[in-house]
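Remarks on the structure that follows.
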Amino acid sequence: MSGDTLRNWRYTLRHDLPASFVVFLVAVPFALGIAMASGAPLGAGLISAVVGGIVASALGGSAVQVSGPAAGLTLVIADLVQTYGWRATCMVTLLAGVVQLVLGVFRAARAALAVSPAVVHGMLAAVGVIIGLAQLHVVLGGKPQQSAVANLAELPGQIAGLEGPKVAVGLLTIGVLIVWSRLPKPARAVPAPLAALLVAAGTAWAFGWDVTRVDLSKAFGDWAFPVLPHGDWHLIVGAVLLVALLASVESLLCCAATDGMHGGSRADLDQELSGQGVANMVSGALGGLPVAGGIVRSTANVHAGGRSRWSAILHGVWVLVFALGFGWAIRLIPLEALAALLVLIGVQMVNLGHVKKVHGHGEVPVYVVTMAGVILLGLGEGVLAGLALAVLLALRRLTGVTVQKREEPDGRVHVTISGSLTFLGVPRLTSELRAIRTGAAVDLDLNIDFMDNAAFEAIHSWRLDHERLGGSVDIDELHDEWYALAASGNRMFPAKSPPKAPDRSWLPWAHRRHRPARRTVVGGNGSSTEVECRLTAGAHEYHRRTAPLVRPIFSELARKQQPSHLFITCADSRIMPSLITSSGPGDLFTVRNIGNLVPRRGTEPHDDSVVAAIEYATQVLGVRTITVCGHSGCGAMAGILSGGVRAGSMPGLRRWLRHGNHSLARFIETEGDRLHSGALDVLCRVNVQQQLENLRTYRKVDEQVRAGKLELVGLYFDIASARVHLVPPLPSRSRPSPTAFSVADGGATAS
């Protein structure tokens, strides 16, 4: 035996073996109770528990899910048993397993999860109510009626004719189940269902009470192979599909829930569905109930320490050993105790946690309609009613339209329409648009992902009417241009796609889809022409989109400015200080010039503009930081490297670039006078360091730096990579270091 195999066996013995015993003790009472509630032989419940444990766990895709008789199928099986008989019901189970196997092979497990959870939870709650009402009659010493309404109507008469011992056993079982969860942890090592049945059986035996006993003596002796049901084949096929669907959904939802309970590998839903299909084929052939994953058994497995599929497999082995070797012990269990267990199971199936979840998603109507439909009409009818309502609500949400209107200070009306525009939203759409006052100037934003012909006609007709009555409508489409395509007569529409965020302020004009504003220019010969005015279009877009958002901020800033940084950078159009520093209005006091230069104190040619900004920022505004930001591929530095040749016939530029001579000198000190391919970017970085030195030539700046009241920071923006790097200042009277440090991602790392 290899070392890995030995470790696996030790792992199983340590974790899975103890967990399997716990699950076994939980599974036996559940199997017997569900079989009794389904009107099936009690042995069928044990058969399905064995098959679910061994076959479904061995072939399924979940490591910890435990399968067995499905509580959610109780009503279906009870109806099938009454209609077709038990052997035919077993054939329905077998055929449902075939359907599940085919769905698993074709990887359709995810499709089964498309059923609304509100429908599933509503169905399970209704099943719980019906089981609880029916078994309550057994607890009270009577017999259940054919429907939940009949059981409720007969309940007062049943209470009037109580049979003492049977009622006592039932109440005792319920009492133990309720109290057991409040006992100390060592006592709760025995599962509550098992403890309740043991106490009820022991008490009934000790006092000699006349109760109904469970009998398994002939449960496995009259086996015969299943037979095909006789009757309308449409109904038979519907029954097979219903059993397959409900068992699949119950198993897959349980599988998804148990995935979040353990830290092992995630479940393969398609493999799990195939395993459930094979298990139902085997269970149906052997005379068992339909098999599905059970949340109670699976939770018990995880909490008991089950780590692999071996705990579930071994639990099935223990059920088999118990059924074959200790079936006589089951005869001691009072039937009323099993009924009491089912009453509590039914109550627990009405899960308030599920109600809270569906309430958070607005699906309580689906839950209520499904639950009421199953109780009053039947399982199939109730589920179909819930599914129909879920589909209608989904269509309503998918085709919902939101219309927001506000009036701007200049009198323009800003309207934003969001969602999917279909004929279902036309009544509300036309109502909102026609409420806009006649003659108003309207800015209409369409942030939509779909528009059908009815919605287009509604908007287009309103626009024509509004403009005919003296108003104006400016339509801007923030997403796909559905309106523009329809208005142009184009019938080839793009596919529906998710809406995009309306914020486009950081995009260059060339990357935006908007109509630029146009202005009329009159030529010398009296002719006129329209030309683009991008700034006017940008200002128009700002007023429509951004101004309403930032107006409260600017209202506060209107009194005074309190920037914390003086930001000196290049006039290059590719540098956007607010973008690369994530700053907003009022944060930066900005100076921009060619080459982000800071003239040294007393140098020629004389320039006061930068000095004035430095003095005002440090002595009036009280900034705490001065930042010099250079960038890659700077044209000013290229001009300095060329010795002014690139400045050509621009005397003002040549004079200005003399302020970069100290940067060139520092560069030559480090790199020599031979240029290389990276020389320009090295000079751009060195220039940032030199401008920080130039700032120290101003006495007030130097004093504040020495006193710790002012910090000088160098930044370098690499345009190609869109990354910002921190440039350290030059060491005092030393050669410059061109090394930069990245400040991207919140940390400083060598660049």
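The values are calculated or read from the model by the stated rules, or taken from the named source; none is laboratory data. Bear in mind the structure is a predicted one, so any value in this text is a computation, not a measurement. Virtual Cβ from ideal backbone geometry, glycine too; neighbours counted across all protein chains shown. Accessible surface is based on the protein model in full, side chains and every heavy atom, while ligands, DNA and RNA are left aside. Shrake-Rupley method; radii C 1.70, N 1.55, O 1.52, S 1.80 Å.
What to note about this one:
- Measuring only protein heavy atoms, the 1.4 Å probe finds Cys533 accessible over about 30 Å².
- Only one residue of Cys684, Leu664, Asn694 has its Cα farthest out toward the positive end of the dipole of the range 656-697, where Lys and Arg carry +1 and Asp and Glu -1 on Cβ, and that residue is Asn694.
- Reported to the nearest whole Å, the Cα centre-to-centre distance from the range 545-585 to the range 51-108 is 65.
- Fully extending the segment from Ala189 to Thr83 would add 34.0 nm, taking 0.36 nm per residue of separation and subtracting the current Cα-Cα distance.
- If the chain linking Glu556 and His543 were pulled fully straight, counting 0.36 nm for each residue of separation and taking away their Cα-Cα distance, it would gain 2.8 nm.
- Two-site FRET efficiency, Arg592 against Ser677, from Cβ-Cβ distance with R₀ of 25 Å, rounded to 0.05: 0.30
- Of the peptides 192-203, 464-475, the order by per-residue mean of other Cβ atoms within 10 Å, starting with the highest, comes out as 192-203, 464-475.
- Relative to the dominant Cα principal axis of the chain, helix 74-84 is inclined by about 50°.
- Cα centroid of the range 591-644 to Cα centroid of the range 424-485, whole Å: 51 Å
- Per-peptide average of other Cβ atoms within 10 Å, ordering 574-583, 49-58, 421-430 highest first: 49-58, 421-430, 574-583
- Prolate is the label for the chain, because a/c, from the alpha-carbon gyration tensor with a ≥ b ≥ c as root eigenvalues, is 1.5 or above and a/b exceeds b/c.
- Protection proxy ranking, highest mean first, for peptides 31-37, 539-545: 31-37, 539-545, where packing is the per-residue count of other beta-carbon atoms within 10 Å, averaged.
- Global form of the range 77-192, assessed from the alpha-carbon gyration tensor, a/c cut-off 1.5: oblate
- On the basis of the beta-carbon distance and an R0 of 22 Å, Gln619 and Ser642 show a calculated FRET efficiency of 0.05.
- Dipole of the chain, positive direction: furthest Cα of Met637, Val105, Phe207, with charges on the beta-carbon: Met637
- With the simple spin-label model, which puts each label point 7 Å out from Cα in the Cβ direction, the Glu711 to His359 separation comes to 5.0 nm.
- Magnitude of the charge dipole, the chain, Cβ model with Lys/Arg +1 and Asp/Glu -1, debye to 20: 1880 debye
- Note on Arg601 and Leu469: with the Förster distance fixed at 56 Å, the Cβ-Cβ geometry gives a FRET efficiency of about 0.25.
- Annotation: amide H of Ile475 within the under-5 Å range of Leu444, sequence separation 5 or more or interchain, hydrogens built in the peptide plane.
- Per residue, in Å², the accessible surface of the chain once ligands and nucleic acids are set aside, probe 1.4 Å: 49 Å²
- The 1.4 Å probe gives accessible areas that order Asp79, Asp702, Asp16, largest first, as Asp79, Asp702, Asp16.
- Shape analysis of the range 168-214 places it in the prolate category; the axes a ≥ b ≥ c from the Cα gyration tensor give an a/c of at least 1.5, with a/b above b/c.
- Applying the Karplus relation 6.51 cos²θ - 1.76 cosθ + 1.60 with θ = phi - 60° to the range 686-695 yields 3J(HN,Hα) values of 4, 4, 4, 4, 5, 5, 5, 5, 4, 4 Hz, where x marks Gly and Pro.
- Helix-only mean residue ellipticity at 222 nm for the chain, each DSSP H run of n ≥ 4 adding -39500 (n - 2.57), per residue, nearest 500: -16500 deg cm²/dmol
- Measuring nothing but protein heavy atoms, the accessible surface of the chain at 1.4 Å probe radius is 61 percent carbon and sulfur.
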